[in-house]
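Participant: Dropping a structure here in structure tokens format, bear with me for questions.
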Amino acid sequence: MTEPTEPSKATEPTAEAETSEAPAEAEAVEGDAPAEPDAEPQETDFEGPRRRARREREERRAAQARATAIEEARREAKRRATGIVSTKKVGRGAVRGLKVLMWSALISVIVVGLGLLLYFTPVMSARNVVVVGLGSVTQEEVTTAAGVAPGTPLLQVDTDTVAERIAGIRRVATVRVQREYPSTLRVTIVEREPVVVKDYPDGPHLFDRDGVDFAIGVPPPGVPYLDTKNPGPNDAPTKAALEVMTSLRPEVAAQVARVDAPSVAAITLQLTDGRQVIWGTTDRTEEKALKLGALLTQPGKTYDVSSPDLPTVK
């Protein structure tokens, strides 16, 4: 009989080796801590499709921004190297500014030239002097006082100076001088109106509402005489008497023949028919004038409105 061969004996250790390795494999699978190489696949599988899409968009944007910055840096480096700096925009601004400057200079030259033409030449000169508001004052008095030579360019006429000259006429209260192109000087005056008259050795002097003695002559009808010591614009009794006269109604003022004003507190009015009005002071002048208009409709000789609360008729 033949003896078993060696290969038949070697088969048992092989089976044992396979049996011993099986438990080791099971232990590796059932272990608590997985190996590190398996961590990345688990995280990758955990990332959802939305998060993956967002991450990819952010990466594309970042890449595009880097590319744009690199391109801008490249262009800037190229401009610096070649010495070209946005000549297109600078050129447009320079041309626009040059046009504005040229037009401004042209307009200035035209204006200056026109001004010199009108100022030094008789193209627009004072050929006519028109005076408005004449009464007792004559045209000749006004033109003589104005002192503007015919043919004087209007721009050379100082209207304020001319107005001051015309205001020197005593009968003129206010004056206004205007240029009317092409060749007219217009003068508007307001004459003084007499409110009271005062007798002097050289004749009756007329006084206006401001107390200015502006003329000597026969007073117009209805102008009362003033009886005070030193009439004038700075005299207190004169100003008080004029305040009373200018406060009266026209129909009442026409009846006054004389105003006696020895002081500011003792003003009396003498009417044309002989009646007398005791006025007193200038306090509550408007109220007194209103009461007097009603009192004069009653018969009497003396009308006392010095106390407007208790007016009396005697």
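The values are calculated or read from the model by the stated rules, or taken from the named source; none is laboratory data. Everything quoted here is computed from the prediction, not taken from an experiment. Ideal geometry is used to build each Cβ from the backbone, glycine not excepted, and the neighbour counts take in all protein chains shown.
Participant: Taking only pairs six or more apart or across chains, which ones have beta-carbon atoms under 9 Å, a first residue in region 290-314 that is without any contact (Cβ under 8 Å) to a residue 12 or more places away in the chain, and a second residue that is assigned to a loop (DSSP other than H, G, I, E, B) and among the small types (G, A, S)?
Facilitator: These pairs meet every condition: T312/G300.
Participant: Against the conditions (1) at pLDDT below 95; (2) buried (at least 19 other Cβ atoms within 10 Å of the Cβ); (3) of a type in the set (K, R), where does R179 fall short? Just the number, please.
Facilitator: Condition (2) is where R179 drops out.
Participant: Collect the residues in region 124-172 that are farther than 30 Å from D208 by Cα, surrounded by 14 or more Cβ atoms within 10 Å (Cβ to Cβ) and touching a residue at least 40 places away in the same chain (Cβ under 8 Å), keeping them in residue-number order.
Facilitator: So in region 124-172, the residues farther than 30 Å from D208 by Cα come out as 124-128, 149-157.
Restricting the remaining residues to those that are surrounded by 14 or more Cβ atoms within 10 Å (Cβ to Cβ) gives 124-127, 152-155, 157.
The answer is M124, S125, A126, R127, L155.
Participant: Restricting the search to region 215-227, which residues are part of a loop (DSSP other than H, G, I, E, B), touching a residue at least 12 places away in the same chain (Cβ under 8 Å) and closer than 16 Å to V256 by Cα?
Facilitator: Keep residues of region 215-227 that are part of a loop (DSSP other than H, G, I, E, B), which gives 217-224.
Retained after the next criterion (residues that are touching a residue at least 12 places away in the same chain (Cβ under 8 Å)): 217-220, 222-224.
Answer for region 215-227, where residues must be part of a loop (DSSP other than H, G, I, E, B), touching a residue at least 12 places away in the same chain (Cβ under 8 Å) and closer than 16 Å to V256 by Cα: P219, P220, G222, V223, P224.
Participant: Tell me, please, whether a residue that is in contact with a strand residue (DSSP E or B) (Cβ under 9 Å, 6 or more places away or on another chain), surrounded by 12 or more Cβ atoms within 10 Å (Cβ to Cβ), at pLDDT 95 or above and of a type in the set (S, T, N, Q) can be found in region 213-229.
Facilitator: No, region 213-229 contains no residue that is in contact with a strand residue (DSSP E or B) (Cβ under 9 Å, 6 or more places away or on another chain), surrounded by 12 or more Cβ atoms within 10 Å (Cβ to Cβ), at pLDDT 95 or above and of a type in the set (S, T, N, Q).
Participant: In region 173-190, what residues are among the aliphatic types (A, V, I, L, M) and under 29 Å from the mean Cα position of the chain (by Cα)?
Facilitator: Those that are among the aliphatic types (A, V, I, L, M) and under 29 Å from the mean Cα position of the chain (by Cα): V175, V177.
Participant: Outside the structural domain of T144 (by TED's automatic domain parsing), without any contact (Cβ under 8 Å) to a residue 60 or more places away in the chain and within 20 Å of V305 (Cβ to Cβ), is that true of P201? It would help to see each step written out before you state the result.
Facilitator: On the way: outside the structural domain of T144 (by TED's automatic domain parsing): yes; without any contact (Cβ under 8 Å) to a residue 60 or more places away in the chain: yes; within 20 Å of V305 (Cβ to Cβ): no.
Taking the combined requirement at face value, the residue does not satisfy it.
Participant: Give T268, T282 a once-over and let me know the one that is assigned by TED's automatic domain parsing to the domain that holds K239 and assigned to a strand (DSSP E or B).
Facilitator: On the way: T282 fails: assigned to a strand (DSSP E or B).
Step by step, each of T268, T282 is checked, and only T268 is assigned by TED's automatic domain parsing to the domain that holds K239 and assigned to a strand (DSSP E or B).
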